[in-house]
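Bear in mind these aren't lab numbers, they're just calculated from the coordinates by the rules spelled out. Predicted model, so just to flag it, every value in this text is computed and none were measured. Backbone-built Cβ (ideal geometry, glycine too); neighbour counts: all protein chains shown.
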Amino acid sequence: MKVKVIPVLEDNYMYLIIEEHTREAVAVDVAVAKRLLEIAGREGVSLTTVLSTHHHWDHTRGNSELAHLRPGLAIMGADERICALTRKLEHGEELQFGAIHVRCLLTPGHTSGHMSYFLWEDECPDPPALFSGTLQPGLIHLPNSTVPSLLPSDPLCSLGDALSVAGCGWHLEDTAQQMYQSLAKTLGTLPPQTKVFCGHEHTLSNLEFAQKVEPCNNHVQAKLSWAQKRDDDDVPTVPSTLGEELMYNPFLRVTEDPVRAFTGQVAPAQVLEVLCRERARFQLALEPPQPQVRALLALQWGLLSTPQEK
């Protein structure tokens, strides 16, 4: 199994997963159709399927054009709002593409129809991998789901807008408690060598926030220096590994004393909630958007009080 990392839009990644024996290919979250087809043609593979994690435009905007250019292409996901959807998937459903197995896991939270995909090949020596895009840098939304207790030894997983390098994605439809429970259940079942492929390039700002949370964390310092060099060379920072993330990603370290001290909270869900709010403030300070967008983000993350609350 071969994974092609394809940068698109301003900071998105889409992925082409190739079964190297059959030369069949599966795409994850197609944002730009012609770019994907260009890579597939260069690799000499037959694109048969698109797996969409959720319906947001930066993950599905290429589906309709791709369906027009490749009649008969299967476009799968769990949400009927996904562009050009041909098959709605259910939680626990399993698919197979040559030697590649897929396990579908419904993970609502970022959207109500968010689907995650675990992919693996039997007897494959490669380490596991986790595909986990982020809609906004540094904020979690791994929602209410339970990963099957018996995972293959070398899964390849797509979690859409979930975990990123040193950060996570927006939670839009679930509580912090649900997010924490899902995060612990889902990522807690994966081996530390699992590779983490995220959907957006937000590593630098994620690590700058992590440094603010844990200024004495040497792992954060080392990863930040590495990411700055990658940025200077215009090279992607994906993948990381889950084991590495546990050392420097504050959203996976909500039970650590320095992270608790930063938030002033002890309960993991409350720590998580404060981290999300502070990450939003941090991003607004880094890149102030237009006034209307800033107000919307501030309201969504509870940075504005209603008159009754004042």
*Among the GluC sites (Glu not before Pro) within segment 38-112, which fall in a DSSP loop and have no more than 13 other Cβ atoms within 10 Å of their own Cβ?*
80, 90
*Within 10 Å, count the other beta carbons around each residue, average over each peptide in 241-247, 95-101, and list them highest first.*
241-247, 95-101
*How far apart, in nm, are the 7 Å Cα→Cβ label points at residue 234 and residue 57?*
2.6
_If you consider only alpha-carbon coordinates, what radius of gyration and Dmax does segment 1-72 have, in Å?_
11.2, 33
_Just to confirm a number: summing +1 for Lys and Arg and -1 for Asp and Glu over residues other than residue 212 whose beta-carbon lies under 10 angstrom from that of residue 212, what do you get?_
-2
*Amide H to amide H under 5 Å from residue 78: which residues, 5+ apart in sequence or cross-chain, H placed 1.01 Å off N in plane?*
89, 115
_What is the sum of charges, Lys and Arg at +1 and Asp and Glu at -1, for the other residues whose Cβ falls under 15 Å from the Cβ of residue 18?_
-3
*asked:* Charges on Cβ only, +1 for Lys and Arg, -1 for Asp and Glu, centred on the Cα centroid of segment 16-88; of 40, 67, 25, which one is farthest towards the dipole's positive end?
replied: 67
_Karplus (6.51, -1.76, 1.60) ³J(HN,Hα), θ = phi - 60°, over segment 271-278, in Hz, Gly and Pro reported as x_ = 4, 4, 4, 5, 4, 4, 5, 5
*Counting Lys and Arg as +1 and Asp and Glu as -1, each charge on the Cβ, what is the dipole of segment 205-250 about the Cα centre in debye, to the nearest 20?*
140
*Compute the distance in nm between two label points, each set 7 Å from the Cα along the Cα-to-Cβ direction, one at residue 35 and one at residue 219.*
3.1
